[in-house]
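The values are calculated or read from the model by the stated rules, or taken from the named source; none is laboratory data. Keep in mind it's a predicted model, so treat the numbers as computed, not measured. Heads up, the Cβs are rebuilt from the backbone with ideal geometry, glycines too, and the neighbour counts pull from every protein chain shown. Note: areas computed on protein heavy atoms with side chains; ligands, DNA, RNA excluded. Shrake-Rupley method; radii C 1.70, N 1.55, O 1.52, S 1.80 Å.
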Amino acid sequence: MNRYDEKNVSNYQIDLVFNAETNVLTGVQTVDFFNSFNVELPEIHFHLFANAYREGAQFSPFTQSEINDAFPNGPSFGGIEITSLKVNGTDAPIVIGGRDEDRLIVKLPRALMPTQRVEIEMEYTLTIPNVRHRLGHYNGIVNLGNFFPIAAIFENGAWNQSVYYSKGDPFFTKVKNFDVSITTPSRLTAAMSGRVQRENLTGGRTRHTSSSRLMRDFAIVLGEFQVVTGTVDGIEVRYYFTQEMSMLSQEALSVSMDSVRVFNELFGKYPYETLSVVKTHFLHGGMEYPGLVYISDVLSGNHFRDVIIHEIAHQWWYAVVGNDQVAHAWLDESLAEYSVALFYERMPQFGITYNDRIAEALRTFALFEDVFGKNFDGSMNRGLSEFNSVYEYVVVAYHKGAVMLSSLRKVIGDDAFFRAIRNYYETQKFQIARPEHLVAAFEAASNRDLQTFFATWFAGDIQTFGRA
Ligand SMILES: [Zn+2]
């Protein structure tokens, strides 16, 4: 049924060693690259997202207003240095390019034909900054998100040129298979995408390994963690926390398991064996990776629960059904945010109704419009760089999108609405969906022309969708 199977994707083997004294990671990475782009490729581009953390980066992962919160101990920088590169076993020149020294450009000795493979071996040294972000260490926890070289997307005759925008999650990549190991001091636990095996080595070190198939990305969080686990629909759900963050760990696990069960029922089954939910030091509320989500340690109460549900919903919208998060960020964010309302609708014991959530999203807009008036741009299909502020981005991609989906459900009815969502999940699984795929799924299930409906919402004048 799916065009992707695990034989027709790239294989990433990554072996890492973490030095806890220096917060430096060394990596040996072999990419058995599969050309799935239907064109000949004379070169292959890998994102070096870690270089956005270097001193002098033009595109920083933080907005100016986030700097103090991101660096409680003062400014700190990181980055990745590629120290060796081989193509099919032969030394190759290391070319760093892109718009912000954020690409490794691997020139191939001859163009790679569609469906052919090439083996690219690289070694690197990654300096982890002291920052509360996707990649960073703080108070003994090490977040390793978007840290290793990962192939970019080739589309419309060129390699995608997006950079590390400070708004949204500027990541966009195809599914692949991973075999990852990380060696650390034995006191550390590694939360990883996929199921982790531990092997004790000599010298007080431990190697943590994980294999996963058909994953878009891979993340690791290191810390002196405790973990509580449970199983739902055969999926192992793990909640990681440290001693000082241990409050509500059973509740957090329980909400995580409820989220997996509810979304399995509503959308279709989560395809991986495990899901790790990690409470960590993080500037924003949470962050999604396939098989692993960050939940910020600063959250509490309802907000803490809402973020767990939202990040877990991203397993369906972003991790399994991919999308271009730079060009159409609303596509996964709207569905993830709307999924939180669906969760509460299914779980009345939390005392929050579906209507509460939708009304709150609508209020958030109204407030935004009141504050910004004519300067409000509510259009949805914009690239991350075209949003005027983080707040405008959140209001449009999360809240407006959730209200749009709620309005659509009223227009086409529950039966067509949920059939469309399930069908979208099933047909776009492991692929990269575009807005028109979601629109087409709703049109097919409802047997209606919804072009005007969506065009009106996408266009974005707030008055056009009514403020009842
Ligand atoms: Zn999100």
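Taking the conditions (1) more than 16 Å from the ligand (Cβ to nearest atom); (2) over 30 Å from Asp32 (Cα atoms); (3) out of contact with any Lys or Arg (no Cβ under 9 Å at 6 or more places or on another chain) in turn, Ala252 satisfies each one other than (3). Selection within the stretch 131-168: residues that are surrounded by fewer than 24 Cβ atoms within 10 Å (Cβ to Cβ) and among the charged types (D, E, K, R). The member of this set that is nearest to Tyr240 (Cα to Cα) is Lys167. For the stretch 316-326, taking the residues that are more than 8 Å from the ligand (Cβ to nearest atom) and surrounded by 24 or more Cβ atoms within 10 Å (Cβ to Cβ), the one that is nearest to the chain's Cα centre (by Cα) is identified as Ala319.
Of everything listed in (1) open to solvent by less than 50 Å² (accessible area, probe 1.4 Å); (2) at pLDDT 95 or above; (3) among the polar types (S, T, N, Q), the single unmet condition for Thr173 is (2). Looking across the stretch 272-311, the residues that are out of contact with any Phe, Trp or Tyr (no Cβ under 8 Å at 6 or more places or on another chain), touching a residue at least 60 places away in the same chain (Cβ under 8 Å) and open to solvent by 10 Å² or more (accessible area, probe 1.4 Å) come down to Tyr272, Glu273.
Residues that are within 14 Å of the ligand (Cβ to nearest atom) and open to solvent by 10 Å² or more (accessible area, probe 1.4 Å) do occur in the stretch 327-339. In the set (1) closer than 21 Å to Val340 by Cα; (2) in a helix (DSSP H, G or I), the condition left unmet by Met380 is number (2). For the stretch 133-178, the candidate set comprises residues that are of a type in the set (S, T, N, Q) and outside any strand (DSSP E or B); within that set, the residue that is farthest from Gly27 (Cα to Cα) is Asn156. The number of residues in the stretch 284-315 that are away from the ligand (no atom under 12 Å from the Cβ) and in a loop (DSSP other than H, G, I, E, B) comes to 6. Restricted to the stretch 220-254, and to residues there that are under 29 Å from Val17 (Cβ atoms) and open to solvent by 30 Å² or more (accessible area, probe 1.4 Å), the residue that is modelled with the lowest pLDDT is Glu244.
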